[in-house]
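Okay, so here's the structure we're looking at.
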């Protein structure tokens, strides 16, 4: 089927502004905000199996990589801002602004430079920061998500909810080649948290999604996202034997969202499903292909380092599944180990009139379990090392 914009049927619902916090929030958003504040009040622990992070999983090391281009791009972006814009964009490296991200598009938690209000030259510099920080494939995915957010505006006409530039860009700490800092982009279907320490990076939590996932008409005709993420996951699911399917399946109905979405930084997630060592060599290769699809959004040196970390924990890696196993099925899957958590989920319509999950609305998330989302464990180690050295 050709995915012309006219084929999509928008959902008829009350609109809440994505550009300004209303004087009186609807009750559901009040509840959402109260719940978020409650969760954020807990000290950060990270995604764990039972509430306490495993120790010794992460270390400060020389990868032989340079983040000089990322640092230069961040400095150039900051230099383009006015004093007021810069003040609203800069946060400390350990600010709780890191954790105040949300996929929900109404303006509830947003902070940083609002790209919709920046000059095009400033936007270009902001996007250059993303380009320098990500692999070509990772940058294309991020940019295409933003473009599809313009496509959903074309479909619905809701310019107070959707648009290519309804994203907020923040810098955490002063960009440096030696000291810890980072950046965050936050908005509908695109959240990247990117911590930098010397030649190392931690690019999680990363939440990426889209509704729709593909269009063949409109301003960005031909744009499609998550094809590899969907196809590689389905290839693994379809390869399962009946016994493997039974072991991998952890529920009957798809969840309403990925389990570790916004404000779930301290989520307790058991290792469930089928173990990596219970798979055939071909299936194991598919698991590695899934991991590389997500982790390959980082530049090559960082992706290789993370994949090596993943391989070191394959004896405690589990694949969980919910949903069907046929070529047209909707489904949820996750790859979970002590050092990586990947989730993929088909969603029901929010902007579009689909009451059941479809292939046309996808959410994904990547996290670094056991305390290193936002680079928190590396930051702790850095400070311990400097304290020990009297710096």
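The values are calculated or read from the model by the stated rules, or taken from the named source; none is laboratory data. Remember, it's a predicted structure, so these values are computed and weren't measured experimentally. So basically every Cβ, Gly included, is an ideal-geometry build from the backbone, and we count neighbours across all protein chains shown.
Looking only at region 131-142, how many residues end up being closer than 27 Å to residue 351 by Cα and touching a helix residue (DSSP H, G or I) at 6+ places or on another chain (Cβ under 7 Å)?
Of the residues in that region, 2 qualify.
One line per residue, one yes/no per condition, for (1) surrounded by fewer than 22 Cβ atoms within 10 Å (Cβ to Cβ); (2) touching a strand residue (DSSP E or B) at 6+ places or on another chain (Cβ under 7 Å); (3) more than 19 Å from residue 232 (Cβ to Cβ):
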| position | (1), (2), (3) |
| --- | --- |
| 312 | yes, no, yes |
| 320 | no, yes, no |
| 324 | yes, yes, no |
| 333 | no, yes, no |
| 336 | no, yes, no |
| 348 | yes, no, yes |
| 356 | yes, no, yes |
| 366 | no, yes, no |
| 380 | yes, no, yes |
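Identify all residues within region 231-255 that are free of Cβ contacts under 8 Å to residues at least 40 places away in the same chain and assigned to a loop (DSSP other than H, G, I, E, B); write none if there are none.
Passing the criteria: only 241.
Residues being surrounded by fewer than 18 Cβ atoms within 10 Å (Cβ to Cβ) and closer than 22 Å to residue 277 by Cβ: count how many of those fall in region 214-244.
6
Considering every residue within region 237-247, establish whether at least one is touching a helix residue (DSSP H, G or I) at 6+ places or on another chain (Cβ under 8 Å), at pLDDT 95 or above, closer than 30 Å to residue 198 by Cα and outside the structural domain of residue 193 (by TED's automatic domain parsing).
no
Looking at region 271-298, I want the residues that are more than 20 Å from residue 228 (Cα to Cα) and have a partner that is part of a helix (DSSP H, G or I) and at pLDDT 95 or above with Cβ atoms under 6 Å, at least 6 apart or on another chain. Which pairs are those?
273/248; 274/244; 274/247; 274/248; 276/314
For region 109-124, name all the residues that are surrounded by 18 or more Cβ atoms within 10 Å (Cβ to Cβ) and within 21 Å of the chain's Cα centre (by Cα).
Result: 109, 110, 112, 113, 114, 115, 123.
Determine which member of the set 138, 199 is in contact (Cβ under 8 Å) with a residue 12 or more places away in the chain, under 20 Å from residue 372 (Cβ atoms) and surrounded by fewer than 21 Cβ atoms within 10 Å (Cβ to Cβ).
Among 138, 199, only 199 is in contact (Cβ under 8 Å) with a residue 12 or more places away in the chain, under 20 Å from residue 372 (Cβ atoms) and surrounded by fewer than 21 Cβ atoms within 10 Å (Cβ to Cβ).
What is the number of the single condition among (1) under 22 Å from the mean Cα position of the chain (by Cα); (2) surrounded by fewer than 16 Cβ atoms within 10 Å (Cβ to Cβ) that residue 296 does not meet?
Here residue 296 clears every test but (2).
Here are 153, 148: which of them is surrounded by 23 or more Cβ atoms within 10 Å (Cβ to Cβ) and part of a helix (DSSP H, G or I)?
148
Going by what's in this entry, would residue 169 be described as modelled with pLDDT of 95 or more, surrounded by 21 or more Cβ atoms within 10 Å (Cβ to Cβ) and part of a helix (DSSP H, G or I)?
Against the criterion (modelled with pLDDT of 95 or more, surrounded by 21 or more Cβ atoms within 10 Å (Cβ to Cβ) and part of a helix (DSSP H, G or I)), residue 169 does not qualify.
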